[in-house]
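Asker: Here's a structure for you.
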Amino acid sequence: MQPYEYFEHTADIGLRSFGRDVAEAFANAGRGLSALLVDPSTVQPREERQVTLQGGELAELLVEWLNEILFLADSEGFLAVDVAVHVVNEQGLRASLRGERADLSRHRLLGGVKAATYHQTQVRCDGGCVVQVILDV
């Protein structure tokens, strides 16, 4: 099973990710988003960030999760390469991101993603999970 895929959406880009469970699907969504920001093969897992989000509907939590990854990239220049979601349910999300700060001599920033949106966001789990979100570019 592929971890994620992109699909076209008017003036934006869609991200759909897959997993055996919701945690793996959320982690793959994080990987898919990160791959839109920078070539992951150029990023070393030198630093770690912990992410904790308060609960809510899973679709809302997906948007918050991806926007947190974008916030770390924008505010700290932190580029995630290893993504692990430890807990995700209606009570919240706990995850860890490993990566490093952007270094323009080694990283070719692809950038252009402004935010994850609530438009057409979906979380479906039935014998595996698929999550989908539209990214504002």
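The values are calculated or read from the model by the stated rules, or taken from the named source; none is laboratory data. What you see is a predicted model, and the numbers here were worked out from it, not measured in a lab. Cβ coordinates were reconstructed from backbone atoms using ideal geometry, including for glycine residues, and neighbour counts include every protein chain displayed.
Asker: Kindly provide the set of residues from region 92-125 that are within 16 Å of Ala23 (Cβ to Cβ) and of a type in the set (D, E, K, R), ordered by number.
Answerer: Arg94, Arg124
Yes/no matrix, rows are residues, columns are (1) free of Cβ contacts under 8 Å to residues at least 60 places away in the same chain; (2) over 19 Å from Thr117 (Cα atoms); (3) part of a loop (DSSP other than H, G, I, E, B); (4) not small (Gly, Ala, Ser):
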| position | (1), (2), (3), (4) |
| --- | --- |
| Glu5 | yes, no, no, yes |
| Phe18 | no, no, no, yes |
| Arg31 | yes, no, no, yes |
| Pro45 | yes, yes, yes, yes |
| Gln50 | yes, yes, no, yes |
| Gly56 | yes, no, yes, no |
| Leu93 | no, no, no, yes |
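Asker: Out of region 1-18, which residues are of a type outside the set (A, V, I, L, M), surrounded by 15 or more Cβ atoms within 10 Å (Cβ to Cβ) and under 15 Å from the mean Cα position of the chain (by Cα)?
Answerer: Correct list: Pro3, Tyr4, Gly14, Arg16, Ser17, Phe18.
Asker: Considering Glu68, Glu76, which residue is surrounded by fewer than 19 Cβ atoms within 10 Å (Cβ to Cβ), closer than 22 Å to Lys114 by Cβ and in contact with a strand residue (DSSP E or B) (Cβ under 8 Å, 6 or more places away or on another chain)?
Answerer: From the options Glu68, Glu76, the qualifying one is Glu76.
Asker: Same structure again: In region 21-79, how many residues are over 23 Å from Gly92 (Cα atoms) and among the β-branched types (Val, Ile, Thr)?
Answerer: 3
Asker: Say we look at region 95-112 and pick out the residues that are part of a loop (DSSP other than H, G, I, E, B) and not aliphatic (A, V, I, L, M); which of these is farthest from Leu33 (Cα to Cα)?
Answerer: Ranking the qualifying residues of region 95-112, first place goes to Ser105.
Asker: Please state which one of Val63, Val51 is at pLDDT 95 or above, of a type in the set (Val, Ile, Thr) and touching a Leu at 6+ places or on another chain (Cβ under 8 Å).
Answerer: Just a single option satisfies the conditions, and that option is Val51.
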